[in-house]
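Here is the structure we will look at, set down as structure tokens.
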Amino acid sequence: MPSLRLPVSLPTGTQITPPIGSGYGQLTVKNGNPVDAVFKLVDANGETLRFVYVRANEDVTLDDVGTCTCDLRFATGLDWDADQQKFRRNMALSAFSDPTEFAVKREGNTEYWTTLEVTLHPVEGGNAQTEALDETEF
């Protein structure tokens, strides 16, 4: 009789790939979905700067984000496959419709870095639009 394997779920904040770039920007990702998610920060050249795991109903804060204009992409699903870097079950791929800019603004001797918060679930009164992606776009 075959044994049942429990679905794989990584701890929130697990880096799927090592972070690229550094700065003082900050991005909080809130996953209010009933399933786990992975979140990508992808620059204009298509390079993945951050790729992080976020469990269902948990949040993660990405610190040290450098200046960039980035696409915010995410996948939700169940049972993470580390080798394929995707969910085995119920995977849905999405991206926020508009790129996000992480910048530094200087006023005199003071620097102000971008600090943002995004939700991966619909929020009443929210203004960010998302669109579905296929695996080649993710």
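No value in this document is a laboratory result; all are computed from the given coordinates. The structure displayed is predicted, hence computed values, not measured ones. All Cβ positions, glycine included, derive from the backbone under ideal geometry; neighbour counts span all protein chains shown.
If you take the beta carbon distance between E124 and S97 as r and set R0 to 22 Å, what does 1/(1 + (r/R0)^6) give as a FRET efficiency, to the nearest 0.05? Intermediate values should be presented prior to the final figure.
Numbers: r = 19 Å, r/R0 = 0.85.
Given R0 = 22 Å and the Cβ-Cβ separation, E is 0.75.
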Total formal charge among the other residues, if their Cβ is under 12 angstrom from that of R73, Lys/Arg +1 and Asp/Glu -1: -4
Size of segment 1-71 as Cα extents on the principal axes (Å, biggest first): 53, 22, 16
Label-to-label distance, nm, for residues given as T61 and V8 (7 Å Cα→Cβ offset): 3.0
Karplus-derived HN-Hα couplings along segment 94-109 (A = 6.51, B = -1.76, C = 1.60, θ = phi - 60°), whole Hz, x at Gly and Pro: 9, 9, 5, 5, 10, x, 10, 9, 9, 9, 10, 10, 10, 10, x, 9
Ascending count of other beta-carbon atoms within 10 Å, so fewest first, for L6, L133: L6, L133
Spin-label pair T69/A132, simplified geometry with 7 Å Cα→Cβ offset, distance in nm: 2.9
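Using Cβ counts within 10 Å as a stand-in for footprinting exposure, how do D36, D63, D83, D71 rank, fewest first?
On the way: D36 24, D63 12, D83 5, D71 20.
Ordered by Cβ neighbours within 10 Å, fewest first: D83, D63, D71, D36.
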Gain on full stretching of the segment that runs from Q26 to L78 - 0.36 nm per residue minus C-alpha separation: 16.0 nm
Rounded FRET efficiency, nearest 0.05, which uses the C-beta distance separating R106 from Q85 and R0 of 30 Å: 0.20
Nearest-20 debye value, segment 36-138 charge dipole, Cβ charges on Lys, Arg, Asp, Glu: 100
Distance from segment 73-138 to segment 31-56 (C-alpha centre basis), Å: 6
Interchain or long-range residues, amide H under 5 Å from T119's placed H: K30
Radius ratio Rg over Rh of the chain, counting only Cα atoms, Kirkwood formula for Rh: 1.01
Neighbourhood charge, 13 Å Cβ-Cβ cut-off, centred on T61 and excluding it, Lys, Arg +1 and Asp, Glu -1: -3
The chain, relative contact order [Cα under 8 Å, separation at least 6], %: 26
Qualifying GluC sites (Glu not before Pro) in segment 31-138, DSSP loop, other Cβ atoms within 10 Å at most 15: E47, E124, E135, E137
Other-chain or far-sequence residues with amide H under 5 Å of D36's (modelled H): A56, G77
